[in-house]
Amino acid sequence: MSVIKTENLTKIYRMGHTKIYALDHVNLSFEKGEFAGLVGPSGSGKTTFLNMVGILDKPTEGRVIVMGKETSSLNQKEAALFRRKYIGFIFQTFNLFPHYTAFENVEFPLLLLDLSTEERKERVMEALEMVNLAHRANSKPSELSGGERQRVAIARAIVKRPEIILADEPTANLDAKNSYNVLDIMADINEKLKATFIFATHDEKVIKYLRRKITLNDGKVVKDEVMK
Amino acid sequence: MVLLKLAYKNLVRAGLRTWLNALALSFGLVAIIGLQGLYIGMGEQAASVAKDAEYGGGQYWHKLYDPYDPLTLQDAHGKIPQNISKLISEGKATPILIVQATAYPQGRTVPVLLKGIIPEQKILKFPTGVLKSEDVDGIPALIGERMAAELGVKEGDYLTVRWRDVNGTFDATDVKIVKIMSTTDQNIDNGQIWVPLKVLQRLTGMEEEATIIVVSPDLKNPPPAPGFEFKNLKFLLKTIEALVKVKTQGTFVIYIILLSIALISIFDSQVFSIFKRKKEIGTLMALGFTRLQVIILFTLEGALHAFFAVILSALYGAPLLIYAAKVGYALPKSATESFAIALGERLYPRYGTGLIVGTAILVFIVTTIVSYLPVRKIAKMKPTEALRGGIQ
């Protein structure tokens, strides 16, 4: 069974009388444990697709089925609860909370789950160890390098063991060395946790790691290929 | 609980901004408690002085007596009932006879009230004992400093006084000012001349009569007295309470200004937070926080300023207010005269638990409302737009 399935997924933005198709009848499905990426130029619809799958936005037409549930009809509260349980996000700009330590940032998604302090601590440290940052648990984002910040963001995305991790240009703000480091970690986590990773990227370094590359252009899927 | 903890952390970690807002709010809180305490203290002080010098534990009024209508004095006197006479002899009550009169200092005419009181009485705390003077050549009279100033007399001076007796016949005599007392209670001073009760009863032909009878504070359940009506302290102090209330209401404008300054800065901080932390809001939503939870989080952040303000107020305000309550505020004589109620030379504020807790709760509620208003905007915010940051 597909973890994610889209049927005629369409998103139209209106600018005055002009209709802009950010996504144009996209039909895709992703299986559990995939390490797939959406590539294409700016404005091709990559981020919009991730937003639809992450239930951060609603489609104009079509359906999104995540974990067997039709998500386009969820209200904002149901969508938040769904995200809380199944979806992890990694952002281009890391989006860490500046006043909180690495530990506290990673702990955030667990605060709303019914877990004891001990359980939370165990899970956070486990996630930080997976990204090799256990020793920086008490550092604040301002005390971390760009690569370390993104690793904290990855730890935050995986700490609740989501089925799906959506990464929007995760290496865009990193140098080559840190990009490879982060990608190695994500590939490793994908292996270990069997979580489905979907990237939105146009970074060649990321593309090298993908096992499936979906090319978008003007909101349409123009190529869907399995990588060696 | 999670949201409260997060709000607390966010505020504490915001550092100086939080403490500046809390400090501004605490100024308002301390000022409100301070001012309100001052009025409560004023009311209690005035009530205490009035009880000591005028009301005792309550008063029997002759059924025709109306303190606000001097014309009633002509008829507002009657025989002291027997059961009350017993109380008087036991020192549990003291009668006062009030008669309208005219004083003639240095050829001027000054309307006064002649008040007869038992010199030996111990219920009212002013020096009526001086009226016992047997060796006085003439009738001994006790007046207050205000009356003395108005009449232009000093101790030892004689003063001609004219009155009407029970039959309406004018009579006159000289009284000797044996004492000029200093009192904060204008109601036993302005326009009044105190003389021995027996003398006044004799001069007016109102033997064994009184206008009012003051009872001792120790007397529980005053008995009914034919021809007289008992007025308890609640009734007698109503005027003071009303006066203090009016004065308190006048200070609401100050409270509003003080609180507004602090609340505007909190409102401003909240608006700033919504714009500056838009990406944070989007991230929270992406992590699984519902919009309502984000709204509660940000509202709590604003509302907790009140909590910090209470802490700050306790740190610097409590010692300040306690010191003020201990030392009191010196009042110039002109100020005490203008207040129309009995005030001492120093005014001692009083802060009850109700005042402190009530003010803190009021500040907390208003702060929460002010914090919530800008945060409502989050309810309309789309996660994708919030994640992009910037100004919408």
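So here's what we get for this one:
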{"item": "Single unsatisfied condition, B:Ile80 versus (1) touching a residue at least 24 places away in the same chain (Cβ under 8 Å); (2) more than 18 Å from B:Lys198 (Cβ to Cβ); (3) not charged (D, E, K, R)", "result": "(2)"}
{"item": "Failed item in (1) open to solvent by 20 Å² or more (accessible area, probe 1.4 Å); (2) more than 34 Å from the chain's Cα centre (by Cα), with B:Pro67 passing the rest", "result": "(2)"}
{"item": "Segment B:81-98, residues that are open to solvent by 30 Å² or more (accessible area, probe 1.4 Å) and either among the aromatic types (Phe, Trp, Tyr) or within 25 Å of B:Asn167 (Cα to Cα) (or both)", "result": "B:Gln82, B:Ser85"}
{"item": "All helices (runs of 4 or more DSSP H) inside segment A:141-228 with 2 or more residues being acidic (Asp, Glu) and within 21 Å of B:Glu280 (Cα to Cα)", "result": "none"}
{"item": "Selection from segment B:343-392 of residues that are within 14 Å of another protein chain (Cβ to nearest Cβ) and either of a type in the set (Ser, Thr, Tyr) or touching a residue at least 40 places away in the same chain (Cβ under 8 Å) (or both)", "result": "B:Ile378, B:Ala379, B:Met381, B:Pro383, B:Thr384, B:Glu385, B:Ala386, B:Leu387, B:Arg388, B:Gly389, B:Gly390"}
{"item": "One residue from A:Glu148, A:Glu169 being within 14 Å of chain B (Cβ to nearest Cβ) and either open to solvent by 20 Å² or more (accessible area, probe 1.4 Å) or closer than 24 Å to A:Lys213 by Cα (or both)", "result": "A:Glu169"}
{"item": "Residue pairs meeting the criteria (Cβ under 7 Å; at least 6 apart or on separate chains; first without any contact (Cβ under 8 Å) to a residue 24 or more places away in the chain, in segment B:204-216; second buried (at least 20 other Cβ atoms within 10 Å of the Cβ))", "result": "B:Glu207/B:Gln201"}
{"item": "Test: residue in segment B:45-59 that is touching a Ser or Thr at 6+ places or on another chain (Cβ under 6 Å), farther than 30 Å from B:Leu304 by Cα and without any contact (Cβ under 8 Å) to a residue 40 or more places away in the chain", "result": "no"}
{"item": "Selected residue (only one of B:Ala101, B:Ala14 is open to solvent by less than 60 Å² (accessible area, probe 1.4 Å) and more than 14 Å from chain A (Cβ to nearest Cβ))", "result": "B:Ala101"}
{"item": "Of the criteria (1) open to solvent by 10 Å² or more (accessible area, probe 1.4 Å); (2) of a type in the set (Val, Ile, Thr); (3) under 23 Å from A:Thr48 (Cβ atoms), which one A:Val226 fails", "result": "(3)"}
{"item": "Tally, over segment B:163-175, of residues that are in a strand (DSSP E or B) and open to solvent by less than 80 Å² (accessible area, probe 1.4 Å)", "result": "6"}
{"item": "Conditions (1) open to solvent by 70 Å² or more (accessible area, probe 1.4 Å); (2) in a helix (DSSP H, G or I); (3) of a type outside the set (Val, Ile, Thr): number failed by B:Arg350", "result": "(2)"}
{"item": "Subset tally (residues that are open to solvent by 70 Å² or more (accessible area, probe 1.4 Å), free of Cβ contacts under 8 Å to residues at least 12 places away in the same chain and within 33 Å of the chain's Cα centre (by Cα)) for segment B:256-280", "result": "3"}
{"item": "B:Gly15 without any contact (Cβ under 8 Å) to a residue 60 or more places away in the chain and small (Gly, Ala, Ser)", "result": "yes"}
{"item": "Filter result for A:Arg120 (among the basic types (Lys, Arg) and more than 13 Å from chain B (Cβ to nearest Cβ))", "result": "no"}
{"item": "Selection within segment B:228-267 - small (Gly, Ala, Ser) and out of contact with any Phe, Trp or Tyr (no Cβ under 9 Å at 6 or more places or on another chain)", "result": "B:Ala242, B:Gly250, B:Ser260, B:Ser265"}
{"item": "Some residue of segment B:215-233 being within 30 Å of B:Ile118 (Cβ to Cβ) and assigned to a helix (DSSP H, G or I)", "result": "yes"}
{"item": "Test: B:Arg202 is surrounded by fewer than 18 Cβ atoms within 10 Å (Cβ to Cβ), on the phi < 0 side of the Ramachandran plot, of a type outside the set (Val, Ile, Thr) and in contact with an Asp or Glu (Cβ under 8 Å, 6 or more places away or on another chain)", "result": "no"}
{"item": "Which listed residue, of B:Gly107, B:Gly78, is farther than 26 Å from B:Ser182 by Cβ and crowded, with 19+ Cβ neighbours inside 10 Å", "result": "B:Gly78"}
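The values are calculated or read from the model by the stated rules, or taken from the named source; none is laboratory data. Since this is a predicted model, take the numbers as computed values, not measurements. Positions of Cβ are backbone-derived with ideal geometry, glycine not excepted, and every protein chain shown enters the neighbour counts. Only protein heavy atoms, including side chains, enter the accessible area calculation; ligands, DNA and RNA are left aside. Shrake-Rupley method; radii C 1.70, N 1.55, O 1.52, S 1.80 Å.
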